[in-house]
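Q: Here it is, the structure in full.
Values in this text are rule-based calculations from the coordinates and carry no lab data. Values in this document were obtained by computation on a predicted structure and should not be read as measured data. Methodologically, a virtual Cβ is constructed for each residue, glycine included, from the backbone with ideal geometry; neighbour enumeration extends over all protein chains shown.
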Amino acid sequence: MPALDNAADSVEYQLQEARDRQFRDLIAEYQVRDSATVMSGRTDGQRYYRLRAVRNSQPVSRWSETVSVETRHHSLTRAFSFFTVGAAVFVLTLLLVLRGGRNYSTSDGAIRD
């Protein structure tokens, strides 16, 4: 295979997102250059994805196997509970560090203020 000298000749990927396994109800289609893409902001529900390589807007591979992804978010009550516990641990750790910084021991075991 000849080396690709021109960036326009480089391979991209066409990623399709759909609500059904047959891709009749497309949500979106993306052109991506990398092989790892992060998506966020999805609502709860089932989605299907497939991918193929394209060069100069022409397919150069078949569609990949369909991947099914289910998004389920924690409830807001649970999310705020996690936040509250995390904040409490942070505050207690901060107090421990600040208080421990004032008291330290010497090599003879005596505690100094």
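Q: Return the FRET efficiency for the residue pair Phe82, Gln58: r is the Cβ-Cβ distance, R0 is 41 Å, and the value is rounded to the nearest 0.05.
A: With R0 = 41 Å, the Cβ-Cβ based efficiency is 0.30.
Q: Related question: Which of the GluC sites (Glu not before Pro) found in the range 7-66 are in a DSSP loop and have at most 14 neighbouring Cβ atoms, other than their own, within 10 Å? Walk me through the numbers before you get to the answer.
A: Working: sites: Glu12, Glu17, Glu29, Glu65; in loops: Glu65.
For GluC sites (Glu not before Pro) across the range 7-66 that sit outside H, G, I, E and B with at most 14 neighbouring Cβ atoms in 10 Å, the list reads Glu65.
Q: Hand me the trypsin sites (Lys or Arg not before Pro) from the range 6-67 located in a DSSP loop with no more than 10 other Cβ atoms within 10 Å, in residue order please. Please list the in-between numbers first.
A: On the way: sites: Arg19, Arg21, Arg24, Arg33, Arg42, Arg47, Arg50, Arg52, Arg55, Arg62; in loops: Arg19, Arg21, Arg24, Arg33, Arg42, Arg62.
Qualifying residues, ordered by number: Arg24, Arg33, Arg62.
Q: For each of Ser10, Ser57, count neighbouring Cβ atoms within 10 Å of the residue's Cβ, then give the residues from fewest to most.
A: Ser57, Ser10
Q: Any idea which of Ser57, Thr71, Ser35 is furthest toward the positive side of the dipole for the range 20-85, if Lys and Arg beta-carbons carry +1 and Asp and Glu beta-carbons -1?
A: Positive-end residue among those listed: Ser57.
Q: Give me Thr77, Thr66 sorted ascending by neighbouring Cβ count inside 10 Å, so fewest comes first.
A: On the way: Thr77 7, Thr66 14.
Going from least to most buried by this count: Thr77, Thr66.
Q: Amide H of Val54 versus every other amide H placed in the peptide plane: which residues, excluding those fewer than 5 positions away on the same chain, fall under 5 Å?
A: Glu12, Tyr13, Gln14, Val60
Q: Relative contact order of the range 11-71, please, whole-number percent, based on alpha carbon pairs below 8 angstrom and at least 6 residues apart. If you can, show how the numbers build up before the last one.
A: On the way: 116 pairs, mean separation 21.7, N = 61.
Worked out over the range 11-71, it gives 36 percent.
Q: Out of the range 67-100, which trypsin sites (Lys or Arg not before Pro) are coil in DSSP terms and have no more than 12 other C-beta atoms within 10 Å?
A: Arg72
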